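First the structure, in the form of structure tokens, and then the observations on it.
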Ligand code: GLV
Ligand code: GLV
């Protein structure tokens, strides 16, 4: 009989149809937000799942899903996976690297420019009919071209941002990462490796693009914000929890840094109330990879992972190593 697949959130209808040609599919095209218990009940008889990053795959869910072999996440980040628990259970996880790199780097730049040049704040002013109050320093922001960009997290997306910054905007690029890039890649990105404190002290703009891990929790907190220039901006397109949002809200209110641009939040979709109260922040609802072609490519890659796995070709972009094809679940 055909493998049974759960598609946990609404997705492009033709991709549901494509999966339905291979599998017995239970789809959630009404996009109901299931509780963990409701998700677990639906997973009880499934061999595979298509997730979007907002469903937690942990030991409890795995215990409730005895047939499960693969979870295909439609995201490059997979902090919704308890990878150790999945590996222990013999369940492979897959993500969607590469297909979203340039689109996400574009968005990092959009958020940097919007933050430095106070785009949303000025639009609110215009819409409020306040334009008669012109002044010489109205929405005067920070310079982007020719300034120093500090990138924390130099994976593929970080490198894409570095190229845009160095080649497109004549910026000096500093980066910090767990490991240094190969010299040829450093040269291509025109990026200089520094420790985190130097980066925070010297950057006019700080961009966070590192994956979430417990070690990366609050990579930027009060102590790090205190190192930044009072004129600096901070952009987070990485993950909620990388920044201490309460400390950031305080720093923005007290103008200890100039502004922030945030696409991700601790506890999203909730947003720290302090961030909603300050004007010097640009807020977007986790949309850095959201272009039509890229969202399609991500969904196709997640579907390709499921199809390749059950075809016997193995997962295409796994995040963990489990015996393949392997024995049935213990
Ligand atoms: C989005 O945040 C992703 O990880 O793809
Ligand atoms: C992370 O995986 C990245 O592509 O930057």
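Observations on the structure shown:
- The chain - percent relative contact order, Cα under 8 Å, separation 6 or more: 18
- Spacing of the modelled spin labels on residue 290 and residue 38, each 7 Å from Cα toward Cβ, amounts to 2.1 nm.
- Extension gain from residue 120 to residue 192, taking 0.36 nm per residue of separation minus the Cα-Cα distance: 22.8 nm
- Extension gain for residue 324-residue 1 works out to 114.3 nm (0.36 nm per residue, less the C-alpha to C-alpha distance).
- Note on the chain: GNM, Cα springs under 10 Å; of 102, 143, 123, the largest mean-square fluctuation is that of 123.
- Computed E for residue 184/residue 29 - FRET, C-beta separation, R0 35 angstrom, nearest 0.05: 0.15
- Only helices enter the 222 nm calculation for the chain: every DSSP H run of n ≥ 4 contributes -39,500 (n - 2.57), and dividing by all residues gives -10000 deg cm²/dmol, rounded to 500.
- Extension gain, residue 63-residue 134: 0.36 nm per intervening residue step, less the Cα-Cα distance, totals 19.3 nm.
- Relative contact order for the range 1-127, counting Cα pairs under 8 Å that sit 6 or more residues apart, in percent: 19
- Build a GNM of the chain with springs between Cα atoms under 10 Å apart, and of 51, 115, 198 the one that fluctuates most is 198.
- Computed from the Cβ-Cβ distance with R0 of 25 Å, the FRET efficiency linking residue 316 to residue 83 stands at 0.90.
- Ranked by the mean number of other Cβ atoms within 10 Å per residue, highest first, peptides 242-248, 203-209 order as 203-209, 242-248.
- For the chain, the longest principal axis of the Cα atoms and the long axis of helix 101-116 meet at an angle of about 30 degrees.
- With bins 10 Å wide beginning at 0, the percent of Cα pairs of the range 1-148 falling in each bin runs 10, 29, 21, 15, 15, 8, 2, 0.
Every number here is computed from the coordinates shown, using simple stated rules; none is lab data. Note that the structure is predicted; figures quoted are calculated from it, not measured. So basically every Cβ, Gly included, is an ideal-geometry build from the backbone, and we count neighbours across all protein chains shown.
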